[in-house]
Amino acid sequence: MKKLILVMGLPGSGKSFFAERLASAIGANYLSSDRERNRKGRRGQYSTEDKLKIYHDLEELAKETLNLGKTVVIDATFHLQQTRDLFSKLAVEEGASPFYFHTTADEDLIRERLRQPRTESQADFSVYKKIKEAFEPIIMEVTVLESKKDNIAFMLETALAHIEHGEN
């Protein structure tokens, strides 16, 4: 059965690292807000309106994937409930099983990660703080995964177990 999997979290929380590996492990299409922003030539455009355009673009790409009967993993902050709702609605419309993962990490580790150059994302610690302040409470059932320096195998194992058993 096709699945729609959201991986949400703050910049530097390990969500992209995790989401890309999860998609690979289950043979799913991987969609990333950072990659889509770069692909569309919208790097540096971070107003709320610009961000919502990216989420709608991701929604269309996810819909195409689901229409092919395939599973999709979507990697973005999803810091606003309206963006989470957009994909929850899509899962229902497309008859896909939804799974929601929220990656977290210790703030010192996030600071360390965001000091490193990254090809896809422009987020630095000041961006992290802004998004953290604006991050709306998650009102759906999610599986919280704490990212550490060396626990990607555990994160994947946990996520795969939840997906296999159909639970968040």
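The values are calculated or read from the model by the stated rules, or taken from the named source; none is laboratory data. Just so it is clear, the structure is predicted and the values come from calculations on it, not from any experiment. Every residue, glycine as well, gets a Cβ built from its backbone with ideal geometry; the counts of neighbours run over all protein chains shown.
Look through segment 8-31, keep the residues that are outside any helix (DSSP H, G or I) and over 13 Å from the mean Cα position of the chain (by Cα), and return whichever of them is surrounded by the most Cβ atoms within 10 Å (Cβ to Cβ). First the steps, then the outcome.
Just the residues of segment 8-31 that are outside any helix (DSSP H, G or I), to begin with: 8-14, 27-31.
Retained after the next criterion (residues that are over 13 Å from the mean Cα position of the chain (by Cα)): 27-28.
Values: GLY27: 8, ALA28: 21.
Among those that are outside any helix (DSSP H, G or I) and over 13 Å from the mean Cα position of the chain (by Cα), it is ALA28.
Please determine whether any residue of segment 67-86 is among the small types (Gly, Ala, Ser), surrounded by 17 or more Cβ atoms within 10 Å (Cβ to Cβ) and not in a loop (DSSP other than H, G, I, E, B).
Taking segment 67-86 as the starting set, the residues that turn out to be among the small types (Gly, Ala, Ser) are 69, 76.
With surrounded by 17 or more Cβ atoms within 10 Å (Cβ to Cβ) added as a condition, the list becomes 76.
Adding the requirement that they be not in a loop (DSSP other than H, G, I, E, B) leaves none.
Looking through segment 67-86, none of the residues is among the small types (Gly, Ala, Ser), surrounded by 17 or more Cβ atoms within 10 Å (Cβ to Cβ) and not in a loop (DSSP other than H, G, I, E, B).
Would you confirm whether any residue within segment 63-71 is touching a residue at least 60 places away in the same chain (Cβ under 8 Å), within 10 Å of the chain's Cα centre (by Cα) and under 16 Å from PRO98 (Cα atoms)?
Within segment 63-71 (the criterion being touching a residue at least 60 places away in the same chain (Cβ under 8 Å), within 10 Å of the chain's Cα centre (by Cα) and under 16 Å from PRO98 (Cα atoms)), the answer is no, since none of the residues qualifies.
May I ask you to list the residues in segment 130-150 that are more than 14 Å from the chain's Cα centre (by Cα) and in a loop (DSSP other than H, G, I, E, B)?
GLU136, PRO137, ILE139, MET140, GLU141, LYS148, LYS149, ASP150
What is the residue count in segment 141-168 for residues that are of a type in the set (A, V, I, L, M, F, W, C) and surrounded by 15 or more Cβ atoms within 10 Å (Cβ to Cβ)?
Within segment 141-168, the first condition is being of a type in the set (A, V, I, L, M, F, W, C), and the residues that meet it are 142, 144-145, 152-156, 159-161, 163.
Imposing the further condition that a residue be surrounded by 15 or more Cβ atoms within 10 Å (Cβ to Cβ) reduces the set to 142, 145, 152, 155-156, 159, 163.
Adding up the residues that qualify gives 7.
Evaluate the following for GLU94: is it surrounded by fewer than 16 Cβ atoms within 10 Å (Cβ to Cβ), among the charged types (D, E, K, R) and more than 16 Å from the chain's Cα centre (by Cα)? Please lay out each step first, then the result.
Numbers: surrounded by fewer than 16 Cβ atoms within 10 Å (Cβ to Cβ): no; among the charged types (D, E, K, R): yes; more than 16 Å from the chain's Cα centre (by Cα): yes.
The answer is no for GLU94.
Going by the conditions given, is ASP34 among the acidic types (Asp, Glu), touching a helix residue (DSSP H, G or I) at 6+ places or on another chain (Cβ under 8 Å) and either surrounded by fewer than 16 Cβ atoms within 10 Å (Cβ to Cβ) or touching a residue at least 40 places away in the same chain (Cβ under 8 Å) (or both)? Write out each step before concluding.
Values: among the acidic types (Asp, Glu): yes; touching a helix residue (DSSP H, G or I) at 6+ places or on another chain (Cβ under 8 Å): yes; either surrounded by fewer than 16 Cβ atoms within 10 Å (Cβ to Cβ) or touching a residue at least 40 places away in the same chain (Cβ under 8 Å) (or both): yes.
Judged against the criteria, ASP34 is a match.
What is the residue count in segment 101-138 for residues that are among the β-branched types (Val, Ile, Thr), surrounded by fewer than 18 Cβ atoms within 10 Å (Cβ to Cβ) and over 20 Å from ILE74 (Cα atoms)?
Adding up the residues that qualify gives 1.
May I ask you to list pairs of residues, at least six apart or on different chains, whose Cβ atoms are under 7 Å apart, with the first in segment 89-110 being modelled with pLDDT of 95 or more and the second being buried (at least 21 other Cβ atoms within 10 Å of the Cβ) and of a type in the set (Lys, Arg)?
THR103/LYS15
Among the residues of segment 52-66, write down those that are in contact with a helix residue (DSSP H, G or I) (Cβ under 7 Å, 6 or more places away or on another chain) and loosely packed, with under 14 Cβ neighbours inside 10 Å. Don't jump to the end; show me each part of the working.
Initial filter on segment 52-66 (in contact with a helix residue (DSSP H, G or I) (Cβ under 7 Å, 6 or more places away or on another chain)): 54-55, 57-59, 62-63, 66.
Hits for segment 52-66: nothing passes.
Look at SER121 and say whether it is assigned to a helix (DSSP H, G or I) and of a type in the set (Gly, Ala, Ser). Steps first, answer last, please.
On the way: assigned to a helix (DSSP H, G or I): no; of a type in the set (Gly, Ala, Ser): yes.
No.
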